[in-house]
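The structure under discussion appears below in the form of structure tokens.
The values are calculated or read from the model by the stated rules, or taken from the named source; none is laboratory data. Worth saying up front: this structure is predicted, and the values here are computed from it rather than measured. As a convention, Cβ positions derive from the backbone with ideal geometry for all residues, glycine included, and neighbour counts pool all protein chains shown. The protein model used for the area step is the full one, side chains on, heavy atoms only, and it has no ligands, DNA or RNA in it. Shrake-Rupley method; radii C 1.70, N 1.55, O 1.52, S 1.80 Å.
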Amino acid sequence: MKPIKEKACRRFRKSAKTRRVTQGKPSSGPVCRLCLQEPGDPEKLGEFLQKDNLSVHYFCLKVRESKS
């Protein structure tokens, strides 16, 4: 009998986006939990909303809401 080869478990693999974020420079402040960007231009990203330990851009929140 041939030995059974174990396949790499996919659930433990990091996505490309996760790898990019973890390999990037550490953030100096709060980042949006949805797009992982720092507060930027309100015209482009919307108002940066913060409550307790959660931070999101207004437009990111609206896009996520419309997908639901």
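The table that follows gives values for the structure above.
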{"item": "Positions within segment 39-52 being in a strand (DSSP E or B) and either open to solvent by 80 Å² or more (accessible area, probe 1.4 Å) or not aromatic (F, W, Y) (or both), in sequence order", "result": "L49, Q50, K51"}
{"item": "Lone unmet requirement of (1) open to solvent by 100 Å² or more (accessible area, probe 1.4 Å); (2) at pLDDT 60 or above; (3) within 12 Å of the chain's Cα centre (by Cα); (4) not β-branched (V, I, T) for L36", "result": "(1)"}
{"item": "Residue match in segment 6-21 (condition: at pLDDT 90 or above and surrounded by 10 or more Cβ atoms within 10 Å (Cβ to Cβ))", "result": "no"}
